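The values are calculated or read from the model by the stated rules, or taken from the named source; none is laboratory data. Keep in mind it's a predicted model, so treat the numbers as computed, not measured. Please note: Cβ atoms are built from the backbone with ideal geometry, for glycine as well, and neighbour counts cover all protein chains shown. For accessibility, only protein heavy atoms count, side chains too; no ligands or nucleic acids. Shrake-Rupley method; radii C 1.70, N 1.55, O 1.52, S 1.80 Å.
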Amino acid sequence: MAVAAQEEAQRPTCWCCGNAFDEHDLTRLGTHPEVGVCAACARWLSRRARSTADADVHTVGAVVHRPFAATRDLVVRAGLQDWPLLGRVVRRLDRHLP
Ligand SMILES: [Zn+2]
């Protein structure tokens, strides 16, 4: 039992959410390889970067993306992603939306 706990403590953690992952499940930053983020946090960071870049842009892609980003923010603020049944549907849907 103590060995399992020690192995868990030695697993690398995501620098964003703090959860432990296997090394191959983390993405390392180019000039700062000590920093690794999990796939879910990398996706979140990508969306944040895209929202910031699209803030003052009026391209078709940016205009289409804004309602999805606004809806996502509302859902997260309401905490729907943590609801027992609806949360599962919302999280699955989120993986397929822009
Ligand atoms: Zn993470």
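What to note about this one:
- Percentage, to the nearest whole number, of Cα pairs in the chain over 24 Å apart: 41
- Compared with the direct C-alpha span, the chain from residue 80 to residue 57 gains 5.3 nm at full extension, assuming 0.36 nm per residue.
- Calculated FRET efficiency, residue 91 to residue 23, Cβ-Cβ distance, R0 = 25 Å: about 0.50 to the nearest 0.05.
- With each label modelled as a point 7 angstrom along the Cα→C-beta vector, the residue 45-residue 11 pair spans 2.0 nm.
- Heavy-atom surface of the range 1-52, accessible at 1.4 Å and reported per residue (Å²): 75
- Between amide H atoms placed 1.01 Å from N, distances below 5 Å from residue 36 occur with 15, all of them 5 or more places distant or on a separate chain.
- Order by protection proxy (mean Cβ within 10 Å, highest first), peptides 14-21, 51-58: 14-21, 51-58
- Apportionment of accessible area to carbon and sulfur, the range 1-52, percent (1.4 Å): 58
- Across the range 17-98, the mean sequence separation of Cα contacts (distance under 8 Å, 6 or more residues apart), normalised by length, yields a relative contact order of 15 percent.
- Sum of side-chain charges, residue 27 neighbourhood, beta-carbon under 14 Å (Lys, Arg +1; Asp, Glu -1): -2
- Across the options 58, 80, 20, the greatest Cα extent toward the positive end of the charge dipole of the range 1-80 (unit charges at beta carbon of Lys, Arg, Asp, Glu) belongs to 58.
- Relative contact order (percent, whole number), the range 1-52, Cα cutoff 8 Å, 6+ residue spacing: 26
- Each peptide in 60-66, 41-47 gets a packing score, the mean of other Cβ atoms within 10 Å over its residues, and the list from highest to lowest is 41-47, 60-66.
- Here's the picture: charge each Lys and Arg Cβ at +1 and each Asp and Glu Cβ at -1 in the chain, and of 39, 5, 97 the one pushed furthest to the positive end of that dipole is 97.
- Heavy-atom accessible area per residue - the range 56-98, 1.4 Å, Å²: 81
- Whether the range 56-98 is rounded, prolate or oblate, judged on the alpha carbon gyration tensor where a/c under 1.5 counts as rounded: oblate
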